[in-house]
Amino acid sequence: MTCYECTQAGRDDSAAIGMCSLCGLAVCADHATITPAPGKRVIGLVVVTRRLACTTCCGTQTAA
């Protein structure tokens, strides 16, 4: 799978590293922003999670 942003720029050689958790686009490392997501409580422990977002959505993330 190739990065959507790279494909729009005319490049088709960039492999996607994941999907935006907000809009679902495939993005490469250059176009992905990884941020901490709200922790989830599992049997008394807080599990730290991460959220991947594309360049368009990374500015619109809010704590959920």
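Overview of values
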| quantity | calculated |
| --- | --- |
| Amide H partners (placed H, <5 Å) of residue 25, local residues excluded | 20 |
| Environment charge at residue 3 (Cβ cut-off 10 Å; Lys +1, Arg +1, Asp -1, Glu -1) | -3 |
| Charge sum, other residues only, whose C-beta stays under 15 Å from residue 15's C-beta, Lys/Arg counted +1 and Asp/Glu -1 | -3 |
| Lys/Arg +1, Asp/Glu -1 at C-beta; the chain dipole; positive extreme among 49, 24, 35 | 49 |
| Additional length obtainable on full extension of the chain from residue 55 to residue 11, 0.36 nm per residue less Cα span | 14.2 nm |
| Stretch gain in nm, segment residue 29-residue 42, where the contour uses 0.36 nm per residue and the Cα spacing is subtracted | 1.7 nm |
| Matching label, Rg/Rh (Cα atoms, Kirkwood Rh) computed from the structure shown, candidates (1) 1.15; (2) 1.12; (3) 1.09 | (3) |
| Per residue value of the accessible surface for the chain (all protein chains in place, 1.4 Å probe), Å² | 69 |
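The values are calculated or read from the model by the stated rules, or taken from the named source; none is laboratory data. Worth saying up front: this structure is predicted, and the values here are computed from it rather than measured. Here the Cβ is made from the backbone with ideal geometry for all residues, glycine too, and neighbour counts use every protein chain on show. These accessible areas exclude ligands, DNA and RNA; they are computed on the full protein's heavy atoms, side chains included. Shrake-Rupley method; radii C 1.70, N 1.55, O 1.52, S 1.80 Å.
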